[in-house]
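The values are calculated or read from the model by the stated rules, or taken from the named source; none is laboratory data. Since this is a predicted model, take the numbers as computed values, not measurements. Don't worry about glycine lacking a Cβ; one is built from the backbone with ideal geometry, like all the others, and counts go over all protein chains shown. For the accessible areas, the whole protein counts, side chains as well, though only heavy atoms, and no ligand, DNA or RNA atoms are used. Shrake-Rupley method; radii C 1.70, N 1.55, O 1.52, S 1.80 Å.
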Amino acid sequence: MRFYLTTPIYYVNATPHIGHAYTTIAADVLVRHHQQRGDETFFLTGTDEHASKVYRVAEEQGLDAKTYVDRIVAEHWRELPRRVNAQYDFFIRTTDEGHKRFVQEFLQRIYDSGDIYQDIYAGLYCVGCEEFKSESDLVDGLCPEHGIAPEYIEEKNYFFRLSAYQDRLLALYDERPDFVLPRFRYNEARSFIEGGLTDFSVTRAGQPWGVPIPWDEEQVTYVWVDALINYLSALTYAREGEDLREQFWPHVHHLLGKDILRFHCVYWPALLLSAGYEVPQQLFVHGYLLLDDRKISKSLGNVIDPLDLVDVYGSDAVRFWALRSVSFGQDGSASVDALHERYERELANDLGNLVSRTTAMIARYLGGRIAPGPRNEELAAPLDALRDKLVTRFDVYDLTGALEDVWEVIRLLNRHVEATAPWQLAKDESKADELAAVLYDLADGVRAVAVALSPYLPETAPRILGCLRQPVDLALEQVAYGKTDETDGIEPAQPLFPRVDLPTAAA
Ligand code: ME8
């Protein structure tokens, strides 16, 4: 299978916050899982740089726009995936020459298909959303997303005949009930289409910052159109001399937050159809990560810097917390206290102690040596079942459910230690075989769990395998019973999740 995954490309008018990290983390977990399955994967992330709000911030700082974006991207945005340990294949910037060239080509195709006409846009525009607004979108005259009054603009623009695509989009949704997940987001998108689609402007006049449109140099491409096209343009120049469209289009899965559902689930497929491309395979729309019940947003100024949390807890713990605290797909709140609590209780205790105890007992009672013994059904069944559960969960992007499935096995293994009490068996020489079997099984369970957790904990999982002197084979088939190689030299493991003090500054 081919699995091409994208994150939204983020606006660079400010530095990244935990909400951006959230999508990037989830995307990386998904891609690593598909790599475990042996899929051919491609992971794209990057930055959306031609927004009016980006241009304005540059002006405020007295910088030329390109100087501003180059700096903030290098210092902050390229750091984001690195700090949360997201292994992307390509980082796209909409200011890349390859992207700009492709946007012009794409627009020309839409123009040639007869879907563009000129008209005057007279109405409202929210610079926060970078979106044209109607009165009905507003609450008390303000944009509900940003709490600011939209600006009135009146300019000659080129419009895209979105209205002409209503029937084709409805047919697409009917044909493909899993086009958008979760289901309630599919319904939301579908009813928006059913409610009637209005043509929208794909250009902006009087703004020097953007990709000039091919048939009228006076206008630049509307930032959302420029941005959406990145998912396709990247494939044309990410690898020199290769056109990855052949391999990965339309095997694309878009991951995004609910704030940008319409652009992705409605506008983007219509633009693709007009330009003669196939529509994406699937879109998954996740909820907001709330911090202390308020949306974490740069506009609201309520921000924790994810990079700070990574410094304190490590990227694995932050990844774990983000996907464990809030059911992926839903809105939910998370807090630094919850991170701390989960770090201690689940990572350090449930998982870390299990690894410490297992390795310490193997070192102490078996001289560091393990070898397969008789098959233990009680452990074999849940370990083998875990693999299938993970596949089922990941197929519907249930990243939180998959993690809970793994945790069930971890709890089972912890109960198994207590129930078998190896320290008692060690006192009785006639139980030597039983002791060896129990400890092999424990090591084997820990190994399988490490492989299962590797998309979430990409640093810790190989360390666990190393503690057990096992090869770092993260293939999903390894989430199974009895795959631990006979080995010696196992030593008591160092704590995987050392104690940390609860930070006070981060919130
Ligand atoms: O919308 N919880 O960029 P953006 C969860 N440039 N996810 C969040 C979040 C939160 N509190 N805050 C942000 C744009 N996100 C456009 C996208 S794509 C062609 C162009 C994540 O910087 C989430 O994925 O405003 C959301 O959709 C995205 O960041 C918005 O990022």
Response to the item:
Within region 269-283, restricting to residues that are crowded, with 23+ Cβ neighbours inside 10 Å and closer than 25 Å to PHE394 by Cα, the one that is nearest to the chain's Cα centre (by Cα) is LEU283
Discussion item. Where the second residue is outside any helix (DSSP H, G or I) and among the aliphatic types (A, V, I, L, M) and the first is open to solvent by less than 40 Å² (accessible area, probe 1.4 Å) and lies in region 94-105, which pairs have Cβ atoms under 6 Å and are six or more apart or on separate chains?
Written reply: VAL103/VAL211; VAL103/ILE229
Item to complete: Would you confirm whether any residue within region 403-410 is modelled with pLDDT of 95 or more, over 25 Å from ALA322 (Cβ atoms) and in contact with a Phe, Trp or Tyr (Cβ under 8 Å, 6 or more places away or on another chain)?
Response: no
Worksheet entry | region 210-252, residues that are more than 29 Å from the chain's Cα centre (by Cα) and not polar (S, T, N, Q) | PRO212, ILE213, PRO214, TRP215, ASP216, GLU217, GLU218, VAL220
Worksheet entry | Count - residues of region 30-44 that are in contact with a helix residue (DSSP H, G or I) (Cβ under 6 Å, 6 or more places away or on another chain) and of a type outside the set (D, E, K, R) | 6
Worksheet item: Just to be sure, is VAL180 within 24 Å of ILE116 (Cα to Cα), hydrophobic (A, V, I, L, M, F, W, C), within 16 Å of the ligand (Cβ to nearest atom) and at pLDDT 95 or above?
Response: no
Worksheet, complete the sentence: Listed by range, helices (runs of 4 or more DSSP H) wholly within region 310-383 having at least 3 residues that are at pLDDT 95 or above are 315-325, 354-366
Response to the item:
Per the filter on region 240-250, residues part of a helix (DSSP H, G or I) and surrounded by 19 or more Cβ atoms within 10 Å (Cβ to Cβ) are PHE248
Discussion item. Just to be sure before I move on: is ARG415 modelled with pLDDT of 95 or more, within 21 Å of the chain's Cα centre (by Cα) and not in a loop (DSSP other than H, G, I, E, B) in the structure I sent?
Written reply: no
Item to complete: Would you mention how many residues in region 116-132 are within 16 Å of the ligand (Cβ to nearest atom) and not hydroxyl-bearing (Ser, Thr, Tyr)?
Response: 7
Practice prompt. Give the residue, chosen from ARG93, ARG161, that is under 14 Å from PHE200 (Cβ atoms) and touching a strand residue (DSSP E or B) at 6+ places or on another chain (Cβ under 8 Å).
Written response: ARG161
Worksheet item: Within the group GLU135, GLU154, GLU145, which residue is surrounded by 12 or more Cβ atoms within 10 Å (Cβ to Cβ) and either within 16 Å of the ligand (Cβ to nearest atom) or farther than 23 Å from PRO269 by Cβ (or both)?
Response: GLU145
Worksheet, complete the sentence: Checked pairs for region 64-87, first over 20 Å from LYS53 (Cβ atoms), second aromatic (Phe, Trp, Tyr) and modelled with pLDDT of 95 or more, C-beta under 6 Å and 6 or more apart or across chains, list as PRO81/TYR88
Item to complete: Could you look through region 455-493, keep only residues that are touching a helix residue (DSSP H, G or I) at 6+ places or on another chain (Cβ under 9 Å), assigned to a loop (DSSP other than H, G, I, E, B) and without any contact (Cβ under 8 Å) to a residue 60 or more places away in the chain, and pick out the one that is nearest to LEU386 (Cα to Cα)?
Response: LYS483
Worksheet item: Just to be sure, is ASP384 closer than 26 Å to VAL472 by Cβ and open to solvent by less than 30 Å² (accessible area, probe 1.4 Å)?
Response: no
Worksheet item: Which of the residues belonging to region 13-43 are among the β-branched types (Val, Ile, Thr) and within 8 Å of the ligand (Cβ to nearest atom)?
Response: ILE18, THR23
Worksheet, complete the sentence: Going through region 231-271 in order, the residues found to be over 20 Å from GLY46 (Cα atoms) and without any contact (Cβ under 8 Å) to a residue 40 or more places away in the chain are GLY241, GLU246
Worksheet item: Taking region 144-171 on its own, how many of its residues are in contact with a helix residue (DSSP H, G or I) (Cβ under 9 Å, 6 or more places away or on another chain), of a type outside the set (S, T, N, Q) and farther than 14 Å from GLU131 by Cα?
Response: 9
Worksheet item: Is region 158-174 home to any residue that is modelled with pLDDT under 95 and either open to solvent by less than 20 Å² (accessible area, probe 1.4 Å) or touching a Phe, Trp or Tyr at 6+ places or on another chain (Cβ under 8 Å) (or both)?
Response: no
